[in-house]
Amino acid sequence: MDKFHHVSTAFLELGEGYQKAIEEITRRMGAGMAKFICKEVETVGDYEEYCHYVAGLVGYGLSRLFYAAGTEDLAPDSLSNSMGLFLQKTNIIRDYLEDINEIPKSRMFWPREIWSKYANKLEDFKYEENSEKAVQCLNDLVTNALIHAEDCLQYMSALKDHAIFRFCAIPQIMAIGTCALCYNNVNVFRGVVKMRRGLTARVIDETNSMSDVYTAFYEFSSLLESKIDDNDPNATLTRKRVDSIKQTCRSSGFLKSRGYHLDKSPYKPILLMIVLLLVAIIFGVLYTK
């Protein structure tokens, strides 16, 4: 707060359209977050509301800023909200262990209405003896998050400016990839689960069009689908939502063949050894010169 005057100065230098958008969203976000200082996330409705305040409103604000800049049409609030909720829910799912081990007090964002179907206490999931129920709860939450994916595709398909498109699309692809990685993965309760750096670099480098987005959503959805256990309580619903995402991607007519690998590099160790050997030889030649 000691340096807030820098923020205020920068804000006052913005155009009126930008100021109005930021002022409105900041006010609504602050009021909403304050509501949850003393309120737990009990129901699925609470979960939706909390995610709306901390991320959905960011979607609202960005859409208004894009519109104020004259680069985009004003997106429907429902789609803007889904853009934020998909990212926020994915982060909440992935960060279970970090949040539950928070000092001095655990942070609990998983809704009781969902986790209470599988355990008496949310912290029970981090113990190995509760792994089966923990993974079932995890899968339930991932299935819940997938409901926003098609809204996100619709939002991104309407974007016109290339820089704005990449700004929006790369995090959404990372989110669907993280959902695929976390789904049915007990390691969420053991440590940090995130996409490999090499895969992240590919996403950043190769995301330039809706064709890239549809392809990534299709392939990561397919990877998630391959992990569905028929014995999971939500298997049918998960398949239904994955099928719907894949159908939206197919119907676009823009699918490519790419091949994303979540758990391991597609390159064989021998190839990496050859590359390293060649680099060593090149440096050796340069050094002798």
(message) At 1.4 Å probe radius, can you tell me the per residue accessible area of the stretch 187-248 in Å²?
(response) 48
(request) Let me know the Rg and Dmax you get for the chain when you use only its Cα atoms, in Å. (result) 21.6, 70
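Of the heavy-atom accessible surface of the stretch 88-212 (probe 1.4 angstrom), what whole percent is carbon and sulfur?
Details: 2730 of 5620 Å².
In the stretch 88-212, the share of accessible area belonging to carbon and sulfur is 49 percent.
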(message) Only four residue types carry charge here, +1 at the Cβ of Lys and Arg and -1 at the Cβ of Asp and Glu. Report the dipole size of the chain about the Cα centre in Debye, rounded to the nearest 20.
(response) 860
(request) Give the peptides 83-96, 190-203, 44-57 in descending order of average Cβ contacts within 10 Å, highest first. (result) 83-96, 44-57, 190-203
(request) Output ³J(HN,Hα) for the stretch 29-34: one whole-Hz value per residue in order, computed from phi by the Karplus curve 6.51 cos²θ - 1.76 cosθ + 1.60 with θ = phi - 60°, and x for Gly and Pro. (result) 5, x, 5, x, 5, 4
(request) Mind ranking 30-43, 60-73 by how tightly packed they are, going by the mean number of other C-beta atoms within 10 angstrom, highest first? (result) 60-73, 30-43
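Would you calculate, for the chain, the mean residue ellipticity at 222 nm contributed by helices, counting each DSSP H stretch of 4 or more residues as -39,500 (n - 2.57) and dividing by all residues, to the nearest 500? List each step's numbers first, then the result.
Values: 14 runs with 184 residues, N = 289.
Rounded to the nearest 500, the figure is -20000 deg cm²/dmol.
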(request) Mind listing the long-range amide H neighbours of residue 254? Cut-off is under 5 Å, sequence gap 5 or more, other chains count too, H placed in the peptide plane at 1.01 Å from N. (result) none
(message) So if I take the centroid of the Cα atoms in the stretch 18-65 and the same for the stretch 81-120, what is the distance between those two points in Å?
(response) 17
(request) Enumerate lysine pairs in the stretch 104-175 that are 8 or more residues apart or on different chains, then count those whose Cα atoms are under 28 Å apart. (result) 7
(request) Take the Cβ-Cβ distance between residue 281 and residue 209 as r, set R0 to 51 Å, and report the resulting FRET efficiency rounded to the nearest 0.05. (result) 0.85
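The values are calculated or read from the model by the stated rules, or taken from the named source; none is laboratory data. Just so we're clear, the structure is a prediction, and the values are computed from it rather than from any experiment. Cβ: placed from backbone, ideal geometry, glycine included. Neighbour counts: every protein chain shown. When the accessible area is computed, the model is the full protein with side chains, heavy atoms only, and any ligands, DNA or RNA have been set aside. Shrake-Rupley method; radii C 1.70, N 1.55, O 1.52, S 1.80 Å.
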